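Input: a single structure, listed below in structure tokens.
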Amino acid sequence: MFDSLSEKLGGILDRLTRRGALTEADVDAALREVRRALLEADVALDVARAFTDRVKKDAVGVTVMKSVTPGQLVVKIVHDELVKTLGSDSQTIDLNAAPPVAIMMVGLQGSGKTTTTAKIAKRLTTRQNKKVLMASLDVRRPAAMEQLAVLGRDAEIDTLPIVAGQLPPQIAKRAIEAARLGGYDVVLLDTAGRTTLDEEMMNEAAEVKRAADPHEVLLVADSLTGQDAVNLARAFDERVGLTGIVLTRVDGDGRGGAALSMRAVTNKPIKLIGVGEKLDALEEFDPSRIAGRILG
Ligand code: GDP
């Protein structure tokens with residue numbers, strides 16, 4: 001097995017046993033390992049480069065106190081910078097608007113979008129005592145609409161009745177109207193996904209956004225897809241405009257790199273993470289824990 005990054009940095013720097021300020025040469029040696037570890041953790045190359053440049057600025061010249069070794073000091077500086085890049089405050093879903101608050105879910109087919117929609121609905125219902133309505137806008141895949149209905153029945157969350165022949169923006173409007181009339185606090189709009197990034201999906205999402213004027217637009221992205229998830233986030237943010245990201249399958253991702261890259265590229269907060277198939281397998285994003293995972 002590989003040594004963890006923390007151990008490697010310790011190995012490189014503690015051989016110096018020198019006290020005083022960290023020199024540029026010390027820091028460069030350490031940051032080569034940091035960059036390698038980031039790439040192994042699936043962080044995008046340009047993100048890794050920009051990150052190590054920032055750490056270098058922070059680290060060169062810092063005095064190594066007697067209580068820590070140079071290795072421990074650099075690990076701490078890297079950790080702090082990781083947390084800063086990932087977003088130091090944990091951000092949750094913003095419901096600060098007149099009800100019904102519309103939340104639009106976007107993402108690729110298979111990313112966990114429908115499951116995540118139901119997970120969020122359940123979380124808002126059980127933890128925040130909100131009355132939630134879910135609506136599927138996937139008019140091309142009846143199975144996706146049925147899947148949301150089944151999830152809703154299992155979790156005792158209401159879903160918008162399916163009406164054949166409506167277009168996604170019309171369904172979005174109907175959902176919001178039904179939520180208003182029914183006294184719902186939140187309406188979750190589960191838009192159609194495709195297996196790859198395509199124009200039609202983007203156009204449709206942009207139309208739904210114009211029709212629904214949602215308070216949150218959350219991208220659901222599979223953390224195991226690494227660089228593809230980063231490209232997806234960039235494209236959706238440019239074309240549709242995102243307010244946040246939900247990373248799924250974090251339970252199967254020991255590396256954590258997608259989180260760092262997506263945050264660095266879009267500057268949009270990662271609000272929640274999916275950690276399993278069950279409806280309660282949804283957690284708040286904890287930058288410090290992901291930083292720890294990347295550092296190993
Ligand atoms: P959609 O096509 O994007 O709506 O994807 P689905 O919601 O149908 O999810 C696809 C599969 O991924 C299902 O089997 C889900 O149970 C599974 N899934 C969703 N989120 C997670 C997660 O966070 N972890 C794991 N392990 N599986 C997940």
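The values are calculated or read from the model by the stated rules, or taken from the named source; none is laboratory data. Quantities reported herein were computed from a predicted structural model and do not represent experimental measurements. Glycine also receives a Cβ, built like all others from the backbone with ideal geometry; neighbour counts cover every protein chain displayed. Each accessible area value is taken on the protein alone, full model and side chains, heavy atoms only, with ligands, DNA and RNA left out. Shrake-Rupley method; radii C 1.70, N 1.55, O 1.52, S 1.80 Å.
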Given charges at Cβ of Lys, Arg, Asp, Glu: the chain dipole, positive-most of Val246, Val27, Ala291: Val27
Estimated FRET transfer efficiency when R0 is 30 angstrom, pair Lys173-Arg54 (beta carbons, to 0.05): 0.10
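Between Leu95 and Arg36, what FRET efficiency follows from the Cβ-Cβ distance if R0 is 41 Å, with the result rounded to 0.05?
According to the calculation, E is roughly 0.45.
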Those residues of the range 206-228 whose amide nitrogen sits under 17 Å from the label point placed on Gln128, 7 Å along Cα→Cβ: 214-220
All-pairs alpha carbon distance profile, the range 77-120, 10 Å steps from 0, percent: 21, 30, 34, 15, 1
Within the range 141-293: Cβ-based charge dipole about Cα centre, in debye rounded to nearest 20 (Lys, Arg +1; Asp, Glu -1): 320
Alpha-carbon centroids, the range 136-159 and the range 49-125: separation in whole Å: 31
Positive-pole candidate from Ser136, Asn203, His215, dipole of the chain, charges at beta carbon: His215
For Val101, residues with placed amide H under 5 Å, excluding near neighbours: Val186, Val187
Value in Å of the Kirkwood radius, where the range 118-266 supplies the Cα pairs that are averaged: 16.2
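Using every Cα-Cα pair within the chain, state what percent have a distance larger than 31 Å.
Counting every Cα pair in the chain, those more than 31 Å apart make up 35 percent.
Can you give the charge dipole size of the range 46-101 about its Cα centre, rounded to the nearest 20 debye, using +1 on the beta carbon of Lys and Arg and -1 on the beta carbon of Asp and Glu?
340
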Carbon/sulfur fraction of accessible area - the range 197-243, other protein chains in place, 1.4 Å, %: 43
Residue among Thr85, Gly107, Val68 farthest towards the positive dipole end of the chain, charges placed on Cβ: Val68
Heavy-atom accessible area per residue - the chain, 1.4 Å, Å²: 46
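Using 1/(1 + (r/R0)^6) with R0 = 25 angstrom and r between the beta carbons of Asp28 and Arg289, what's the FRET efficiency to the nearest 0.05?
Values: r = 28 Å, r/R0 = 1.14.
Rounded to the nearest 0.05, the efficiency is 0.30.
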Straight-distance crosslink candidates among lysines, where the alpha carbon sits under 25 Å from Lys66 and sequence neighbours closer than 8 are dropped: Lys8, Lys56, Lys57, Lys76
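Relative contact order for the range 138-244 using alpha-carbon pairs under 8 Å, separation at least 6, rounded to a whole percent?
On the way: 74 pairs, mean separation 25.5, N = 107.
Answer for the range 138-244 is 24 percent.
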